[in-house]
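Here's the structure we're looking at; comments come further down.
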Amino acid sequence: QEHLVASGGGLVQAGGSLRLSCAASGRTFSNYAMAWFRQAPGKDRELAAAISWSGAIIYYLDSVKGRFTISRDNAKNTVYLQMNSLKPEDTAVYFCNLKLAQFRYWGQGTQVTVSS
């Protein structure tokens, strides 16, 4: 199975930036999508950003458009989330996700905390 390791979270002041990364290990195949979900305390998990295998199809949650950028390096089996102009509302645990055919694989989550 795929094993996902996410990193890059931390504590940052409003207006600051963070870059999350998630590397997939184990045997991987082509044509899989990757995504970042997030979940704030007391709130439902939501899809923050997603990217297709080729990078041709990208999705962003409306509230992060213009501030977050998702990208991937297939040679490294890695997805990134560059987060700029961070707001306190972005505070959440961010989870990496890989979707291959009918299977989904989840990372352990990394905490992002944005102070005002």
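The values are calculated or read from the model by the stated rules, or taken from the named source; none is laboratory data. Everything numeric here is computed off the predicted structure, so don't read it as measured data. Glycine also receives a Cβ, built like all others from the backbone with ideal geometry; neighbour counts cover every protein chain displayed. Heavy atoms of the whole protein, side chains included, go into the accessibility calculation; ligands, DNA and RNA do not. Shrake-Rupley method; radii C 1.70, N 1.55, O 1.52, S 1.80 Å.
The conditions of being of a type in the set (Lys, Arg) and loosely packed, with under 13 Cβ neighbours inside 10 Å are not met by residue 87. Contact annotation: residue pairs with Cβ atoms under 7 Å, 6 or more positions apart or on different chains, pairing a residue in the range 80-92 that is within 12 Å of residue 65 (Cα to Cα) with a partner that is open to solvent by 50 Å² or more (accessible area, probe 1.4 Å) and polar (S, T, N, Q), are 82/69; 83/17; 84/17; 86/17.
Would you pick out the residues in the range 96-116 that are in a strand (DSSP E or B) and not hydrophobic (A, V, I, L, M, F, W, C)? Across the range 96-116, the qualifying residues are 97, 99, 104, 105, 110, 111, 113, 115. Among the residues of the range 2-30, the ones that are of a type in the set (S, T, N, Q) and modelled with pLDDT under 90 come to 3 in all. If you filter the range 40-73 down to residues that are open to solvent by 50 Å² or more (accessible area, probe 1.4 Å) and polar (S, T, N, Q), you find that the one that is nearest to residue 115 (Cα to Cα) is 63. Taking the numbered list (1) of a type outside the set (Gly, Ala, Ser); (2) open to solvent by 30 Å² or more (accessible area, probe 1.4 Å); (3) under 22 Å from residue 103 (Cβ atoms); (4) at pLDDT 95 or above in turn, residue 34 passes all entries but (2).
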